[in-house]
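Right, one structure below, let's go through it.
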Amino acid sequence: IGIKLKEIFLPENSSLANYDSLMKTNLMEIKKEGIDYSIFGDIFLEDLRQYRQKKLSEIPMEGLFPLWGKPTKEIMNEFINLGFKAVITCVNEKYLDKSFAGRLVDNSLLNDLPVNVDPCGENGEFHTFVFDGPIFKNPIAFEYGEVVYKKYKPVSGSKEDECYSSNTEINFDT
């Protein structure tokens, strides 16, 4: 989309303190380049929004939340109708079985989601990777990998998370 990619690598099972430190260091570098805003796709998790705003205020940068408060079904329908393409990279087994890992985000997926699953995965039911759309010069090349089961250590007192992830190889050189 014409924006330089800044990759930040987190160690596996990274602590929240480590995440915060890496993000602050990297966002401070970005701030020095004259960027004053960070854009988030959060929709309705107020505690996450407050956390992001608090961390950005330390830099200082401002968080923008263009999807905030919009109905998630409408967001996902607009996303699909505009021609964006995404794949599910990780599913939380509390909500979805492993057959959803690696699935393309489309109307068929939306029809197959259980009623307790948010269409945007806003409650942590799943995570996605957007690889193409009308603002992309070229699709991002990737290959589907094997679906694997992973457990993640708790972050700040939460229970251990378990999920199925698609080990996907992504080529960001396109």
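The values are calculated or read from the model by the stated rules, or taken from the named source; none is laboratory data. Computed from a prediction, not measured in an experiment: that's the story for all the values here. Cβ sites come from the backbone with ideal geometry, for glycine too, and all protein chains shown count toward neighbours. Accessible surface is based on the protein model in full, side chains and every heavy atom, while ligands, DNA and RNA are left aside. Shrake-Rupley method; radii C 1.70, N 1.55, O 1.52, S 1.80 Å.
Things to note:
- Scanning the stretch 29-46 for residues that are open to solvent by 80 Å² or more (accessible area, probe 1.4 Å) and not basic (Lys, Arg), we see that the one that is nearest to Ile75 (Cα to Cα) is Phe44.
- Residues that are crowded, with 18+ Cβ neighbours inside 10 Å number at least 2 in the following strands (runs of 3 or more DSSP E) confined to the stretch 47-135: 85-92, 126-132.
- In summary, Ala17 fulfils each of the numbered conditions (1) closer than 30 Å to Pro119 by Cβ; (2) outside any loop (DSSP other than H, G, I, E, B) with the single exception of condition (1).
- Checked against the criterion of being at pLDDT 95 or above, among the aliphatic types (A, V, I, L, M) and assigned to a loop (DSSP other than H, G, I, E, B), the candidates Ile35, Ile43 yield just one match: Ile43.
- Listed conditions (1) in contact with a Pro (Cβ under 6 Å, 6 or more places away or on another chain); (2) within 22 Å of Leu45 (Cβ to Cβ) are all met by Gly83, apart from (2).
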